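Asker: This is the structure I have questions about; it appears just below.
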Amino acid sequence: MTRDEIIEWAISKGWTQDKYGNLRKEWKGNQYRLKFGVRVLRCEVRVKLSDKLVWVRLSSGRYSCLIAKDGKIYGMIAKL
């Protein structure tokens, strides 16, 4: 998939674009972000760590390996 295809897919699923070009969505009380790199898409969640809010990577994948199917993006690898 290309970056534009991911943006089009995500907006159709209720994600909104922030001022940096990344996509955000609130779900079950948590904030999620799809962050675009040069070659990689990262899925992150915002969590409170001590007294700060930080973004923690949940998974990532190269654009060339991503596929949108059945309302989901496949090809992301979870961070262990």
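Asker: Just to confirm the filter: which chymotrypsin sites (Phe, Trp or Tyr not before Pro) across region 1-77 are DSSP coil and have at most 13 other Cβ within 10 angstrom of their Cβ?
Answerer: For chymotrypsin sites (Phe, Trp or Tyr not before Pro) across region 1-77 that sit outside H, G, I, E and B with at most 13 neighbouring Cβ atoms in 10 Å, the list reads Tyr20.
Asker: Also, I was wondering about something else. Run the numbers for Tyr74 and Glu26: contour at 0.36 nm per residue of separation, minus the present Cα-Cα distance, in nm.
Answerer: Roughly 15.3 nm would be gained on extension.
Asker: At Thr16 and Trp55, where each label point lies 7 Å from the Cα along Cα→Cβ, what is the point-to-point distance in nanometres?
Answerer: According to this spin-label approximation, the distance is 1.7 nm.
Asker: Still on this model: Where Lys and Arg each count +1 and Asp and Glu each count -1, what net charge lies around Ser59 among other residues with Cβ under 10 Å from its Cβ?
Answerer: Within the 10 Å Cβ shell, the charges total +2.
Asker: Taking only Cα atoms and a 10 Å spring cutoff, compute GNM fluctuations for the chain and point out the largest among Lys35, Lys13, Lys25.
Answerer: Highest fluctuation among the options: Lys13.
Any read-out appearing in this document is the output of simple, stated calculations on the displayed coordinates, not a laboratory observation. Since this is a predicted model, take the numbers as computed values, not measurements. All Cβ positions, glycine included, derive from the backbone under ideal geometry; neighbour counts span all protein chains shown.
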